[in-house]
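**Q** I have a structure I would like to understand better, so I am pasting it below and will then ask my questions one at a time.
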Amino acid sequence: MIEVLTETGTQEPQRIRGLEMPWNRVMGSNEGAARAAHALGPWHPQEFMAECVETVPEAGGMMTFVFRRCDGAPLAFRAGQYVNVAFPVNGEEPEPVDRSYSLSSSPTEPWTFNITVKCDPTGLVSPWVHANVKPGTVLEMLGPVGAFHLPDADRRARYLLLAAGAGITPIMSMVRTIHSLPGQADVVVLYHGAAAGGFAFHKELAYTASVDSRVKVFYSLGDRSIPDGWEGLSGRLTAAMLEEVAPDANGRQVYACGPEGYLNTATELLKKVGVDDTSIYMEFFSGDRQTLLEYQAEVALAADFAEGIAEEIAESAEDYYESQPTAFGLYEPVYDADGTLEASGLPLEIVAPEAPGSDASAESAGGEPEAASPDASSFDTVGTGSLTMSFMRTGINVRIEPSERILEVAHRAGVRIGANCKEGMCGSCKVVKLSGEIEMNHQGGIRAREISAGKFLPCCSTARTDMVIDA
Amino acid sequence: MTASVNVPLNSRGKLAATLPAEQLAEITALFEFRRTGHSLDAPFYTDSTIFKIDMEAIFGQHWIFAASTAELPEPGDYVTVDYGPYSLIVLRNDDGGVNILHNVCRHRGARVLTDAAGTTGNLVCGYHSWTYSPEGNLIHASAPGETKFDKGCFGLKRAHGREVAGLIFACIADEPPADFDETAKIFEPYLAPHDLSKTKIAYQQNIIEEGNWKLVMENNRECYHCDGHPELACSLFPTWGLTEGLIPAHLQEVWDRNKEAQSTLEDRCRRYGLPYEVVEQLDTRIAGIRISRESLDGDGESFSPDGHRLSKKLLGDLRDFRLGRCSMHLQPNSWFHFLGDHVVTFGVFPINEHQTLVRTTWLVADDAVEGIDYDPEKLTYTWKQTNLQDKAFVELCQQGAGSPAYEPGPYMKSEYQVEAFINWYVQRVQEHLA
Ligand code: FES
Ligand code: FES
Ligand SMILES: [Fe+2]
């Protein structure tokens, strides 16, 4: 039975100009109650434990996991950011597997937060997550991180949000955030999916669009065959489709998230319809493209804090690890007097490099433990610079200046180190430092326990002394 | 909007009354026998008496563009505007309105404010410290032993002010022409979407051109000479002022591109509810105006080599950068370009019969960050170059007007706006002398 209600008042709501995130004013204030509310503002990435409190199956093989922090604090973040989660996929293995997942909930509801995970049956982590993370599961997380997010204040607030497949998760956070805030905004969502029934959040998106005149949502079925009754668009992203859903794309800020191929196409097309590349923000879920950074300063600030915290933690590494709950059965590292990190219950693997001045040891980074370190003095030396970096696996010495980023120099010298973001966010370039001192400017791509275990991110590090590197 | 107080300044036709009858007859004849469709006789550009008449009949009677809101955003902010014998203070008052005051101390006539712009509470004359309120009232004058001194009689002289869509106009006549409000109604809807109240000055340039102010205006009112503006020609279609049938072969391709860009622009304007039609009443009303929104070449966004935006922040509530340029010509002393990303205002302030100050001001959104959203060098490049080229053209003409060999030449079809300007000018002066 459908009851038809005649709608009367069709007037537009009256709104304040532009959008402003609720923490914006609080962060600028140091007085009284506002001071206490600082906890609600995104400030710097932290390491914390979070408990799953709900799981919600979504269309398209996705599952939303609702978490709350174990310490009860709200999770402050910006719509579009992600958390890095340590999943103990191998049960008792010493190293959990880290994965980054965009937050799909709105930071205006900070007491719980959601990540939405698409199950990739061939993947290592996502099937495990779907099968094992349940209410009660406690996981170690780091976040929030990422420069792909809405600005804290925007008096224009005209957005074109492009999502393909699982790329909808950070976009969903943005839509939810804008919907929950007062203020003028103009949001067009264009959401590409593979199957008519596979659009996660489509009910909520439809509802939001129906009650919030600021939000318009368009669906397109990509290049799949179109079932009867499909009312959305069809076909892959084209310039004509962009013109159709947002003829004023040219004047909007564009946030796009999805697989690399989709985003590469989007970049081209957006240029074609006249969107300036400084108005395009992208989150690559795969591939090696670099995330566009608009908020360099803000992120750098966050990184400073993160590093400060990491150092603090590293100084009291023993206390830190002892303070971690062991009851969850995730891992039980032991920190011994020599600074060796060991996984309890497993054979101890120690790399004891003979490089002079070395006081740090670390477990092997997944590869074969070095039986005996070769002698770096027999390596070829390339490049110029005041410091020497010895790459033990590659067998080369590279001269470097203290101002140069280690990853670039290493790449030039032919040392193979994987790298994605090149900005200290993704963690893919992580290597073990056998000796020497570096200065690292990371943005959440590495954890304190990893730093204290001698790892670092060469993409965002410079050398302070001669170095010996396990790569 | 400004409340204005009328203080009689001088009686009408004062200058004409003081001129020897013979000289006055000569000058009146010059106006009367002006040859339509031709440039003016030399004395209009060189004669100091005609310059005085211009100051009285045009700059003393009509609404002139003085500044934009961005130049005085806060209460107490002021600019001084000098032209001919006049100096005006344009001051943002505490009520948000604008006061226009003559910058002439009522004690012994010293300039009260000597800076080009600034912020002030009360206005203190530097000579003997007479102190005026922002409204112009004399509030303090140390007067030892004076008994009969009535401060109420010595306020700064006030003139009329109007603020429309972020542009500030001044009129020093006792009774300003009444049709300005109608003109304002024409241009207000074109300008309002650019929201000048939310802009700031990115750059201001003052150049003195060695030429009569009318030559400066004439030069602006045609694009016949636009071949001389290579930088501007990147974005501005050099077919400006031409119509079908007048297009020379070498511009045919440009013309076709122009037409297509124009129709795309008009579609966009209709979508956003922006007016674009040409309104042209340059000499058919007292407050003469031409306004329209026209396409730009390339990306169609701004005055850059490829037509791409020069500031990354959209003005006002505009939704699109590809809005071409809304251009406005006002008689007697201004023209403007309103784009999606910035605004350029041009004010012409005569100094004497052979020198003119041209003030060009580039405005961007007030939240645009220099070095991030815009680069002042790039923002100003095209019009700085164009201004220099125009200055040279004007100066060549001024030199010509000084030669005994000079005689008025015919305006071409594409120079119809020059004719309209001159026709407007001649009519206004004749009305004044009558
Ligand atoms: S490449 Fe991403 S952290 Fe180094
Ligand atoms: S002239 Fe101004 S106070 Fe004397
Ligand atoms: Fe010119």
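The values are calculated or read from the model by the stated rules, or taken from the named source; none is laboratory data. As the structure is a prediction and not an experimental result, all values here were calculated from the model. Positions of Cβ are generated from backbone atoms using ideal geometry, with glycine treated the same way; all protein chains shown enter the neighbour counts. Note: accessible area is taken over every heavy atom of the protein model, side chains too, but ligands, DNA and RNA are not part of it. Shrake-Rupley method; radii C 1.70, N 1.55, O 1.52, S 1.80 Å.
Residue-wise test of (1) within 14 Å of chain B (Cβ to nearest Cβ); (2) at pLDDT 95 or above.
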{"residue": "A:Val187", "(1), (2)": "yes, yes"}
{"residue": "A:Ala194", "(1), (2)": "no, no"}
{"residue": "A:Lys203", "(1), (2)": "no, yes"}
{"residue": "A:Arg214", "(1), (2)": "yes, yes"}
{"residue": "A:Arg236", "(1), (2)": "no, no"}
{"residue": "A:Ala246", "(1), (2)": "yes, yes"}
{"residue": "A:Glu260", "(1), (2)": "no, no"}
{"residue": "A:Asn264", "(1), (2)": "no, no"}
{"residue": "A:Leu269", "(1), (2)": "no, yes"}
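**Q** Still on this structure, I have one more. Yes or no: the range A:419-428 includes at least one residue that is without any contact (Cβ under 8 Å) to a residue 40 or more places away in the chain and more than 16 Å from ligand 3 (Cβ to nearest atom).
**A** Among the residues of the range A:419-428, at least one is without any contact (Cβ under 8 Å) to a residue 40 or more places away in the chain and more than 16 Å from ligand 3 (Cβ to nearest atom), which makes the answer yes.
**Q** I would also like to ask the following. Out of the residues in the range A:28-68 that are touching a Cys at 6+ places or on another chain (Cβ under 9 Å) and of a type in the set (D, E, K, R), state the one that is surrounded by the most Cβ atoms within 10 Å (Cβ to Cβ).
**A** A:Arg68
**Q** Separate question: I need the full set of residues from the range B:175-199 which are under 21 Å from B:Val81 (Cβ atoms) and either open to solvent by 60 Å² or more (accessible area, probe 1.4 Å) or of a type in the set (S, T, N, Q) (or both), in order please.
**A** Across the range B:175-199, the qualifying residues are B:Glu175, B:Thr183, B:Ser197, B:Thr199.
**Q** Shifting gears a bit: Taking the range A:395-418 as the search range and keeping residues that are open to solvent by less than 20 Å² (accessible area, probe 1.4 Å) and without any contact (Cβ under 8 Å) to a residue 24 or more places away in the chain, which one is farthest from ligand 2 (Cβ to nearest atom)?
**A** A:Asn397
**Q** Considering only residues that are surrounded by fewer than 16 Cβ atoms within 10 Å (Cβ to Cβ) and more than 16 Å from ligand 3 (Cβ to nearest atom), which ones fall in the range B:229-253?
**A** B:Thr243, B:Glu244, B:Gly245, B:Leu246, B:Pro248, B:Ala249, B:His250, B:Gln252, B:Glu253
**Q** Output the number of residues of the range B:300-344 satisfying the condition of being more than 14 Å from chain A (Cβ to nearest Cβ) and under 27 Å from A:Asp154 (Cα atoms).
**A** Adding up the residues that qualify gives 8.
**Q** Could you give every pair whose Cβ atoms fall below 7 Å, whose first residue belongs to the range B:377-394 and is under 12 Å from B:Asn220 (Cβ atoms) and of a type in the set (Phe, Trp, Tyr), and whose second residue is more than 16 Å from ligand 1 (Cβ to nearest atom) and at pLDDT below 95, counting only separations of at least 6 or pairs across chains?
**A** So the pair list comes out as B:Phe393/B:His225; B:Phe393/B:Gly228.
**Q** Within the range B:401-415, can you find the residues that are modelled with pLDDT of 95 or more, surrounded by fewer than 16 Cβ atoms within 10 Å (Cβ to Cβ) and not in a loop (DSSP other than H, G, I, E, B)?
**A** Matches in the range B:401-415: B:Pro410 only.
**Q** Quick test for you: out of B:Gly60, B:Gly126, B:Gly76, B:Gly121, pick the one residue that is in contact with a strand residue (DSSP E or B) (Cβ under 9 Å, 6 or more places away or on another chain), of a type in the set (Gly, Ala, Ser) and at pLDDT below 95.
**A** Step by step, each of B:Gly60, B:Gly126, B:Gly76, B:Gly121 is checked, and only B:Gly76 is in contact with a strand residue (DSSP E or B) (Cβ under 9 Å, 6 or more places away or on another chain), of a type in the set (Gly, Ala, Ser) and at pLDDT below 95.
Residue by residue, here is whether (1) crowded, with 19+ Cβ neighbours inside 10 Å; (2) within 14 Å of chain A (Cβ to nearest Cβ); (3) not in a helix (DSSP H, G or I) holds:
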| site | (1), (2), (3) |
| --- | --- |
| B:Ile208 | no, no, yes |
| B:Gly211 | yes, no, yes |
| B:Glu218 | yes, no, no |
| B:Asp227 | no, no, no |
| B:Ala261 | yes, yes, no |
| B:Thr264 | no, yes, no |
| B:Glu277 | no, no, yes |
| B:Arg293 | yes, no, yes |
| B:Gly298 | no, yes, yes |
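**Q** Could you tell me which of the residues A:Arg155, A:Arg176 is closer than 15 Å to A:Glu20 by Cα and more than 26 Å from the chain's Cα centre (by Cα)?
**A** A:Arg155
**Q** Further question: Could you please tell me which pairs satisfy a Cβ distance under 8 Å, a separation of 6+ or placement on different chains, a first residue in the range B:106-118 that is away from chain A (no Cβ under 14 Å), and a second residue that is away from ligand 3 (no atom under 16 Å from the Cβ) and open to solvent by 90 Å² or more (accessible area, probe 1.4 Å)?
**A** B:His107/B:Tyr127; B:Arg108/B:Tyr127; B:Ala110/B:Tyr127
**Q** To continue, here is another question. Can you name the residue in the range A:435-471 that is part of a loop (DSSP other than H, G, I, E, B) and more than 23 Å from A:Ser386 (Cβ to Cβ) and is also nearest to ligand 1 (Cβ to nearest atom) among such residues?
**A** If we take residues in the range A:435-471 being part of a loop (DSSP other than H, G, I, E, B) and more than 23 Å from A:Ser386 (Cβ to Cβ), then A:Gly445 is nearest to ligand 1 (Cβ to nearest atom).
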